[in-house]
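Asker: Take this structure first; my questions come after.
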Amino acid sequence: MSASSPAVFRLRPSRPSWLSPKVFRTEVLAGLVVALALIPEAISFSILAGVDPRVGLFASFTMAVTIAICGGRPAMISAATGAIALVVAPLARDHGLDHLVAAVILGGVLQVLLAALGVARLMRFIPRSVMVGFVNALAILIFAAQMPYLIGVPWLVYPMVAVALVIMVGLPRLTRAVPAPLVAIVVLTVVTVAAGFAVPTVGDQGALPDSLPTLGLPQIPYTWETLQVIAPYALGIALVGLMESLMTAKLVDDITDTGSNKTRESWGQGVANIVTGFFGGMGGCAMIGQTMINVKVSGARTRLSTFLSGVFLLILVVSLGDVVARIPMAALVAVMIIVAVSTFDWHSVAPATVKRMPWGELVVMASTVGAVLITHNLAIGVIVGVLTAMVIFARRVAHMVEVTSVLDPDGSTRIYSVHGELFFASSNDLVHQFDYTGDPDRVIIDMSHAHVWDASSVAALDAITTKYAARGKTVEIIELNQPSARIHGTLAGQLKVGH
C-alpha cells in the first residue's frame, strides 16, 4: 500500500462458536448420541400413535433439522414425542395417516399464528413450583418408560445396564473428550455382537426405513367436513407442542444460564410441524429427555448439535440400518436412566427444603406431578399446576383485606378504612364487616389503601350502600385510585345487588 493511499480496515465477521475445534467436536458427538437415543423413542411413539415406524423417524429428522434453523433456543432437541402421539392416535385410528398429516400441517399453522399473538409471553405466569413439578414429573415418566425394557427380559440385560451406568458415571471423572453415553453404546454393541448375546435390540422395536422421505400433500378431500374432523386435533397439537417446547426452553435457559427467544421458538415449532407434515411425518415438539442428553450429559450449546442429530438420525436409519438395528436396548435404557436421575430436582424433595417450603408451594408441585403421572400428559400437568396455584393465591389474597373504623368525635359519622385488593374472592367477605344497624346516619368508606379489580368488588360496594340506604343512612366512598374509580364509576348502580 502506497503512502498516499488511504488505509482500508475490514472488520472480520464474528465466527460461529461451533467453528472452534473443541466446540465442533462436542457438538458433533452430542448430535450422534442424541440421534442414537432418538431411534427407539421415535419408533415407540410411532407405535403409540398407531402409524408405521417410518412416520415417527422421518418426523424426528425433519423436526430436528428445521428447528435447528428456525428455533429460538439453541441446542434444544425437537422430534416426534409421546405427547403429540397421544393427541393424534385417535385421528390415525379412525381416519388414517393422511388425516393425521393434514392435522399436523394445520397444527403448525396455528402455532405460527399463536406465536404472532404473543403466546410466549404467557410463560411469565407459570410459577416456579409448577416448573419444578413439571421437571420432576418428566424425570419420573422418563424412568417409568424404561421399565418395559427391564421386565421379562433375558438376565443378561441387567448386568449390561449396570455396566453402561458405570461407564457413564465413571468416565466423565477421567475424561470428557468423548461423551460417556456414546462410549457406553459402542462398548455394549461391540460386546453384544462379538459374544452373540441374545438380548433385545433396536431392530426388535420395528422396521427401519430404507429410503428418504418424500415431499407431498395429504390425500384428503379438502372440504369443510374434513376441517371439522382435523381441527380439534390440530389445536391439540398446537397447544401441547407449544407448552412442552416453551417449558423445555425455559429449563434449558436455567441449565445453560443463557436466554432464548421464546417467540421465535414458538413460530419455529410451527414451521417445523408444517415442514414435517409435508414430508408425511407425525409432528412433534421439544423433547426434554433428548435435550437433557444433548445439553446436560453431552455439553452441547449450539444449533449444530440439533441439526446434526437429525442428519445423523437419517443417515443411521437409512444407510446404516443393519448396524443400528444391532444396538442393544440395554445401552439406550441406561442412557435414559442417567437422564431421568439428572433431570429430577432432588433438592426440591430434600427434607430440609420441604420443611421450609410454604404448604401452598408443595401442593402446587404435587398437583403438577400427580396430574402428569395420571394422564401421562405434561401439558395437562402444567395446566392443573397453574390452576392450583391460582386458587391458592386467590385464597391467600382473599384473607388479606382488612377493614378498620373510627367514630367522629361528635358521633355523627363513622369512617371505615379498607386495606387490600378487592376482587371476586376477597370482596365476598367485605359486606359482612360493617355495622349497618349500629352506625350513625352518615358513613364514609375510605378506599385510599385498597384497589378495586372487578365487577364483583363493585357489586359488593353497591350491596353495602344498599344496606345502609334501606336503613335511611347515607354512604360516601372516597379516595378511590384512578383505575378503581374508573371501574366503579362505570359499573356502580348497574349491577343487580341482593338484599
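The values are calculated or read from the model by the stated rules, or taken from the named source; none is laboratory data. What you see is a predicted model; the values in this text were computed from it and never measured. FYI the Cβ positions are ideal-geometry reconstructions off the backbone, even for glycines, and counts take in every protein chain you see. Keep in mind that these areas ignore ligands, DNA and RNA; they rest on the heavy atoms of the full protein, side chains included. Shrake-Rupley method; radii C 1.70, N 1.55, O 1.52, S 1.80 Å.
Asker: Quick one: how many residues across region 359-401 are assigned to a loop (DSSP other than H, G, I, E, B) and open to solvent by 70 Å² or more (accessible area, probe 1.4 Å)?
Answerer: So the answer is 3.
Asker: Is it true that some residue in region 365-383 is on the phi > 0 side of the Ramachandran plot and modelled with pLDDT under 85?
Answerer: Scanning region 365-383 turns up at least one residue that is on the phi > 0 side of the Ramachandran plot and modelled with pLDDT under 85.
Asker: For the subset of region 409-435 comprising residues that are touching a Pro at 6+ places or on another chain (Cβ under 9 Å) and in a loop (DSSP other than H, G, I, E, B), which member is least open to solvent (accessible area, probe 1.4 Å)?
Answerer: Filtering region 409-435 for residues that are touching a Pro at 6+ places or on another chain (Cβ under 9 Å) and in a loop (DSSP other than H, G, I, E, B), the one least open to solvent (accessible area, probe 1.4 Å) comes out as G411.
Asker: Could you identify the single residue in A68, A79 that is in contact with a Lys or Arg (Cβ under 6 Å, 6 or more places away or on another chain) and either open to solvent by less than 20 Å² (accessible area, probe 1.4 Å) or polar (S, T, N, Q) (or both)?
Answerer: Of A68, A79, the one residue that is in contact with a Lys or Arg (Cβ under 6 Å, 6 or more places away or on another chain) and either open to solvent by less than 20 Å² (accessible area, probe 1.4 Å) or polar (S, T, N, Q) (or both) is A68.
Asker: Quickly run through region 465-490 and pick out the residues that are touching an Asp or Glu at 6+ places or on another chain (Cβ under 8 Å), open to solvent by 60 Å² or more (accessible area, probe 1.4 Å) and not in a loop (DSSP other than H, G, I, E, B).
Answerer: T474
Asker: Assuming V406 fulfils every condition listed in (1) β-branched (V, I, T); (2) more than 24 Å from the chain's Cα centre (by Cα); (3) open to solvent by less than 60 Å² (accessible area, probe 1.4 Å); (4) at pLDDT 80 or above apart from one, which condition is it?
Answerer: Here V406 clears every test but (3).
Asker: So is D462 open to solvent by 20 Å² or more (accessible area, probe 1.4 Å), out of contact with any strand residue (DSSP E or B) (no Cβ under 6 Å at 6 or more places or on another chain) and not hydrophobic (A, V, I, L, M, F, W, C) or not?
Answerer: In short, no.
Asker: Which of the residues belonging to region 228-255 are without any contact (Cβ under 8 Å) to a residue 60 or more places away in the chain and farther than 18 Å from A379 by Cβ?
Answerer: Q228, D254, I255
Asker: To continue, here is another question. Are any residues in region 118-149 within 13 Å of A340 (Cα to Cα), open to solvent by less than 20 Å² (accessible area, probe 1.4 Å), small (G, A, S) and at pLDDT below 85, and if so, which ones?
Answerer: Selection gives A139 alone.
Asker: So which helices (runs of 4 or more DSSP H) stay within region 239-346 end to end and still have 3 or more residues that are under 29 Å from V88 (Cβ atoms), open to solvent by 30 Å² or more (accessible area, probe 1.4 Å) and at pLDDT 90 or above?
Answerer: In region 239-346, 262-278, 303-318 are the helices (runs of 4 or more DSSP H) which contain 3 or more residues that are under 29 Å from V88 (Cβ atoms), open to solvent by 30 Å² or more (accessible area, probe 1.4 Å) and at pLDDT 90 or above.
Asker: Across region 436-459, what is the number of residues that are in contact (Cβ under 8 Å) with a residue 12 or more places away in the chain, open to solvent by 50 Å² or more (accessible area, probe 1.4 Å) and under 24 Å from D410 (Cα atoms)?
Answerer: So the answer is 4.
Asker: Among the residues of region 32-52, which ones are farther than 16 Å from D98 by Cβ, in contact (Cβ under 8 Å) with a residue 60 or more places away in the chain and open to solvent by 20 Å² or more (accessible area, probe 1.4 Å)?
Answerer: Residues satisfying the conditions are L32, E41, S44, F45, I47.
Asker: Continuing with the same structure: Exactly one condition in (1) more than 20 Å from A68 (Cβ to Cβ); (2) part of a helix (DSSP H, G or I) is not met by T214; state its number.
Answerer: (2)
Asker: When you go through A64, A35 one by one, which is the residue that is at pLDDT 95 or above and not polar (S, T, N, Q)?
Answerer: Criteria check complete, one pass: A64.
Listed here are the residues, each with its yes/no results for (1) of a type in the set (S, T, N, Q); (2) free of Cβ contacts under 8 Å to residues at least 40 places away in the same chain.
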| site | (1), (2) |
| --- | --- |
| S211 | yes, no |
| D257 | no, yes |
| E265 | no, no |
| G270 | no, no |
| G299 | no, no |
